[in-house]
Amino acid sequence: MKILIADDEKDIRNMIKLYLQAEDYEILEAENGQEVLSLIDNMIDLVILDIMMPKLDGIQVCMKIREKYRMPIIFLTAKTEDVDKLTGFSSGGDDYIVKPFNPIDLVSRVKANIRRYRSYSQSPSEQENSQKITLGELSVDLNSRTVYKYGNEITLTKTEFAIFALLLQNKGKVYSLEQIYTTVWNENCILNSESTVSVHIKNLREKIEENVREPRYIKTVWGVGYRVD
């Protein structure tokens, strides 16, 4: 499998490359946003994308990639505020790792995102059960992984859809941030993982809810977690 590492710091690229090659991943490297776009046609399975890069920053690059491709994108950045995470996820990112980071943590995130991407990229014939769910003005097809509101398709990232599908398929059940993370990411909670889930849910609500201050679909159970009724 091919992974594209994009960071303007060579030492960081080399360190990430060392750990990923030990897991038998094929590595391509880019030191600026334009190089990323020139390499993205090479059947890339996952992109590790620094936000602060010359020529084109990571947010701009991510938006360009999402015009054509759906592979997982993990943002790598020194920014830690939720607003920065929201911007990253809104541009089409799937995950977010803050510098400095543990390389083993990064490898774990890479594996989890690839597993999730492969699972949600199966064709409908590869899924055991065809299932469509109607929720108010929303129509959700779990096989084609599409969501329609008033007949118009809403574009969700794979992670956003995975979270929504989990809650939809378990109506009435309250999931904590930790439970959502361990189920969707298929790994144990790590540093900042619950914050990552919160940002995804905020972004998801902005896409499906009429009023995010009074959500109709994804309910908050204060002190516990979230549910869909």
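A compact table of results
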quantity	calculated
Cα-projected label distance for LYS171 with ILE27, points at 7 Å along beta-carbon direction, nm	4.8 nm
Accessible carbon and sulfur surface of the chain relative to its total accessible area, %, 1.4 Å	46 percent
Heavy atoms of ASP141 accessible to a 1.4 Å probe, total area in Å² rounded to 10	30 Å²
Pairwise FRET efficiency - LYS202 versus ASP8, Cβ, R0 = 30 Å, nearest 0.05	0.55
Förster radius 22 Å - calculated FRET efficiency between MET1 and ASN186, Cβ distance, rounded to 0.05	0.85
Accessible area in the full protein assembly, largest first, 1.4 Å probe, for LEU166, LEU39, LEU18	LEU18, LEU39, LEU166
Sum of side-chain charges, GLN34 neighbourhood, beta-carbon under 13 Å (Lys, Arg +1; Asp, Glu -1)	-2
Cβ-placed point charges (K, R +1; D, E -1), dipole of the chain about Cα centre in debye, nearest 20	680 debye
Restraint check, LYS17/LYS55; LYS111/LYS173; LYS111/LYS207; LYS171/LYS202; LYS68/LYS219, Cα-Cα greater than 25 Å	LYS111/LYS173; LYS111/LYS207; LYS68/LYS219
Charge tally in the Cβ shell below 10 Å around LEU167, where Lys, Arg are +1 and Asp, Glu are -1, LEU167 excluded	+3
Label-point gap, in nm, between GLN34 and TYR69 - each point 7 angstrom along Cα→Cβ	1.9 nm
Label corresponding to mean projected area of the Cα convex hull in nm² when calculated from the structure given, among (1) 11.9; (2) 12.5; (3) 13.7	(2)
Helical segments meeting 24 Å axial Cα length and Kyte-Doolittle -1.0 threshold in the chain (DSSP H)	103-120
For the chain, accessible area per residue (1.4 Å probe, heavy atoms of protein chains only), Å²	50 Å²
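The values are calculated or read from the model by the stated rules, or taken from the named source; none is laboratory data. No experiment lies behind these values; they were computed from the predicted model shown. Here Cβ is always computed from backbone atoms with ideal geometry, including for glycine, and neighbour counts include all displayed protein chains. Note: areas computed on protein heavy atoms with side chains; ligands, DNA, RNA excluded. Shrake-Rupley method; radii C 1.70, N 1.55, O 1.52, S 1.80 Å.
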